[in-house]
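Trainee: Sharing a structure here in structure tokens format.
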Amino acid sequence: MTCLGAPFYAGWGLTQDLGPVPERRRRAADGHPLPRPDLLHLLHATLIAYPRYFDPISHRPCPPEVVVERLSKGKSSQPGLMLRLLSKLQGGMASHAHLWR
């Protein structure tokens, strides 16, 4: 796979990187090389370890397995006013991402 720019998965040897990759992804602050994760470690980090999932039925945090089960069975809550307002808020904040990145 080829990467333009430097997404979070660039610089780990899993892609052909065409853009500059930050040195912090290659070396630790003391200068020693960082370990390179393989594809399975990257998938685990991006789909299981890092994200926080929310169960639309129970309205509580849940593990990824619950989300997969809900998606496979087609069960979800009905969209309501709160989800619509949250969507609008996220859209409005997206143009200001430079403030916290």
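Any read-out appearing in this document is the output of simple, stated calculations on the displayed coordinates, not a laboratory observation. Here the structure is a predicted model, which is why all the values come from computation and not from measurement. Cβ coordinates were reconstructed from backbone atoms using ideal geometry, including for glycine residues, and neighbour counts include every protein chain displayed.
Trainee: Which entry is the computed Kirkwood radius over Cα pairs in Å for this structure: (1) 19.2; (2) 17.1; (3) 14.0?
Mentor: So the structure-derived entry is (2).
Trainee: Around TYR9, under 13 Å between beta carbons, what's the net of Lys plus Arg minus Asp minus Glu among the other residues?
Mentor: Details: positive: ARG25, ARG36; negative: ASP17, ASP38.
Local charge sum for TYR9: 0.
Trainee: When the helices in the chain are scored as -39500 (n - 2.57) per DSSP H run of 4 or longer and the sum is shared across all residues, what 222 nm value do you end up with, to the nearest 500 deg cm²/dmol?
Mentor: Details: 3 runs with 30 residues, N = 101.
Dividing the helical sum by the residues of the chain leaves -8500 deg cm²/dmol.
Trainee: Which of PRO61, PRO37, PRO22 ends up with the largest GNM mean-square fluctuation for the chain, with Cα atoms connected below 10 Å?
Mentor: Result for the chain, Cα springs under 10 Å: PRO22 fluctuates most.
Trainee: Something else now. With a sphere of radius 15 Å drawn around the Cβ of GLU23, what net charge do the other residues whose Cβ falls strictly inside it have (Lys, Arg +1; Asp, Glu -1)? Each step should come with its number before you reach the end.
Mentor: Values: positive: ARG24, ARG25, ARG26, ARG27, ARG36; negative: ASP17, ASP30.
Net of charged neighbours comes to +3.
Trainee: For the chain, set up a GNM with springs between Cα atoms under 10 Å and report which of ASP30, ASP38, ASP17 has the largest fluctuation.
Mentor: ASP30
Trainee: Something else about it: I want to verify a result. In a Gaussian network model of the chain, Cα cutoff 10 Å, which of these has the top mean-square fluctuation: ARG84, ARG36, ARG60?
Mentor: ARG84
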